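Structure record follows, encoded as structure tokens.
Every number here is computed from the coordinates shown, using simple stated rules; none is lab data. Source: prediction; values computed, not measured. Note that we place each Cβ from the backbone using ideal geometry, even for glycine, and neighbour counts take in every protein chain shown.
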2 protein chains.
Amino acid sequence: MPTIHDVAARAGVSTATVSRYLRGEKVRAADAVRAAVAELGYSPNAVAQSLKSGRTATIGVVVPDVTNPFFAAVAKGLEQVCRAQSFRMLLANSDEDAEREQEILADLVHRVDGMILAPATEQDRAPLHLREAGVPVVFLDRELAGGELFDAVLVDNAGGARAAAEHLIGLGHTRIAFINGPVDTTPARGRREGFLAALDEAGLKPAPEHDLDGGFREDTAHQLALRLLALPHPPTAIFTGNNLMTVGVLKALQEMRVRVPADISVVGFDDLTLGSLLRPPLTCVHRPDVEQGALAMRLLLNRIREQAPDRPRRIVLGTELVVRESTGKPPRARR
Amino acid sequence: MPTIHDVAARAGVSTATVSRYLRGEKVRAADAVRAAVAELGYSPNAVAQSLKSGRTATIGVVVPDVTNPFFAAVAKGLEQVCRAQSFRMLLANSDEDAEREQEILADLVHRVDGMILAPATEQDRAPLHLREAGVPVVFLDRELAGGELFDAVLVDNAGGARAAAEHLIGLGHTRIAFINGPVDTTPARGRREGFLAALDEAGLKPAPEHDLDGGFREDTAHQLALRLLALPHPPTAIFTGNNLMTVGVLKALQEMRVRVPADISVVGFDDLTLGSLLRPPLTCVHRPDVEQGALAMRLLLNRIREQAPDRPRRIVLGTELVVRESTGKPPRARR
DNA sequence: CGGGTCACTGTAAACGTTGTCAGCCAACGT
DNA sequence: ACGTTGGCTGACAACGTTTACAGTGACCCG
């Protein structure tokens, strides 16, 4: 692989001249250099450039799981903006595991100019090290308990959950189960808050056995749904805290031949790609995903460009309740 | 951010000694160095290491679109193996665009030790440059027309498509439409081959207006499906060449209130995450996805380790026809 | 024709690491 | 007492760039 020295030798100039030519400065031997570059098929070594300049033109992205359609969509938004601005994207999955996340961060610090992170828990301390190391961080969909020291692009979790709960309450439901994510996580905390607020305003209180943590996982939610069905007083509606858990619940209901919404209504936070094709089409809290990624990346790249340490910016995106057919009035028999 | 010099100074030794200590060699001042490292919170600069060693411990991954659940699953497999072997993953989407792909490759050559690539077309010449640059490449799900010069992890496209077609033929269908991807793409070519072979054996020939290219895109497939329905002799079954197009077709059928499988049967290549929850549950050609990614990455990392230029390896994974409820006998009226 | 300006150029020193090399010292054998 | 070994060490040169600095020559002006 040819280096700048080879080009310089061939063009009969110094490396400095080649370097300058490449950066667009006016150079007498431009033609010769251009020819040499072409003949040798030279392209500058990015690693050497990084070492010299201290910039890697690379962004680290840590999400729980790209397989989750929400994060896949977010990743797409991130990547689009990234490449449009000549940055690259180093992607890693934390699997919702704070320890693994920490390893990944430590590994990535030196290789990136900035970091997009959806932390596994709000108690996470690892990101503070990043800050010390001078690596700008933007939190995506989740943030730290420590307060708003970092930039973040979030979604109106409380508002979305409240809308979903109010919708169910409006239909006449009183026994509403909530299969949520871990409450030490921004979205789960916010969603619970909105959910409880709506219930409270309607004079309702959730039974403890209806207020569950499904760990944002399909299989856990699946089991919890089965357990809910086995209860002496099963709920007439289930609100799920993310897309994966919605799938788990729907599969459980299908297995047990529970009719939706005749027997049980289901609302999910997050749309499903195939939401409209499901049996029945899913009522859900819809929200921008690609846009959320794009926004986060733009925020980060701006932050990297202007080194002026502006105070942290928090962007909160709105949600939309999409009413399809998985929700209806509660069954008479159980009321 | 402290460097190895800072550590050396603090420990009262030379940088060489620190470097040796860090690589695990026996060093007299081990205690002092350990202490200095801890106190300064030093960690080696990966960029400098890369420059010196010529290795980046990074793998470039170029797929059409991470948002496609198949590639999301593949990406997960890739990443798992990657991290298990202390490599990182640079991810980019080509959007099925050969030109964009070429830009990405050129950009990534110097930053990676190897490359996983799902080329946009089989005519693609860009990967040959990678080979010249000494960057090992493993093709994923797709390969080049130029013959088998590269490693590749593929799937038995012809076999899967044949099974799907035979299933439909067995049910009595004779007018089967095929919405395929671009035939200058490995999977689309193979799938067409298997499809046509099965029809041929049954003494059937597809009408030209039933043999379509949906570009692997949901929206295009959607339009094509609408066009098929408007035909004087619409097909009684549709076989779709990938997951996105299956979705497009299903949505079109739903819009037009066409009953599946009463009016039209549908089989798709690729499962859908929610395949079993759809109305009706989807009959499809299922195949390993996470495993395919994991396999490809293992192949690549082995290739990087052993520099012995072994001859290219091609791995072809099997498929499985999952019969659910979207296929049935053709409607009487139309036969 | 001397001096000054201008536009460009080459030399060389970084960036942070690793690896080669020669050198040092203690321990050992004679 | 002295050479030899062996284990460890530090100085220094890379790796491929960029860039500060100090030229260099062409050109113009008086």
Residue selected from the stretch B:49-67 under the condition at the interface with chain A (Cβ under 10 Å from one of its Cβ atoms) and under 15 Å from the mean Cα position of the chain (by Cα), by the criterion surrounded by the fewest Cβ atoms within 10 Å (Cβ to Cβ): B:ASP65
Residues located in the stretch B:24-45, provided they are within 11 Å of DNA strand C (Cβ to nearest atom), charged (D, E, K, R) and in a helix (DSSP H, G or I): none
Members of the stretch A:230-250 found to be surrounded by 17 or more Cβ atoms within 10 Å (Cβ to Cβ) and either farther than 27 Å from A:LEU274 by Cβ or more than 29 Å from the chain's Cα centre (by Cα) (or both), listed by number: A:PRO234, A:PRO235, A:THR236
In the stretch B:99-122, residue farthest from the other protein chains (Cβ to nearest Cβ) [restricted to those that are surrounded by fewer than 22 Cβ atoms within 10 Å (Cβ to Cβ) and touching an Asp or Glu at 6+ places or on another chain (Cβ under 6 Å)]: B:GLU122
Cβ pairs under 7 Å, 6+ apart, first in the stretch A:310-332 and over 24 Å from A:ALA262 (Cα atoms), second among the aromatic types (Phe, Trp, Tyr): A:PRO312/A:PHE150
Those residues of the stretch B:123-140 which are under 17 Å from B:GLY54 (Cβ atoms) and buried (at least 20 other Cβ atoms within 10 Å of the Cβ), in sequence order: B:LEU130, B:VAL135, B:PRO136
Count - residues of the stretch A:116-133 that are assigned to a helix (DSSP H, G or I), in contact with a helix residue (DSSP H, G or I) (Cβ under 6 Å, 6 or more places away or on another chain) and over 10 Å from A:ALA106 (Cα atoms): 0
Test: residue in the stretch A:283-291 that is more than 21 Å from the chain's Cα centre (by Cα) and hydrophobic (A, V, I, L, M, F, W, C): no
Selected residue (criterion: surrounded by the most Cβ atoms within 10 Å (Cβ to Cβ)) from residues of the stretch B:88-98 that are more than 10 Å from every other protein chain (Cβ to nearest Cβ) and not polar (S, T, N, Q): B:GLU96
Top-ranked residue in the stretch B:16-41 [being within 24 Å of A:HIS129 (Cβ to Cβ) and of a type in the set (Ser, Thr, Tyr); ranked as surrounded by the fewest Cβ atoms within 10 Å (Cβ to Cβ)]: B:SER19
When residues of the stretch A:1-32 are limited to those that are in contact with a Ser or Thr (Cβ under 7 Å, 6 or more places away or on another chain) and of a type in the set (Val, Ile, Thr), the one nearest to DNA strand D (Cβ to nearest atom): A:ILE4
Residue in the stretch A:68-79 that is within 16 Å of DNA strand C (Cβ to nearest atom) and within 13 Å of chain B (Cβ to nearest Cβ) present: no
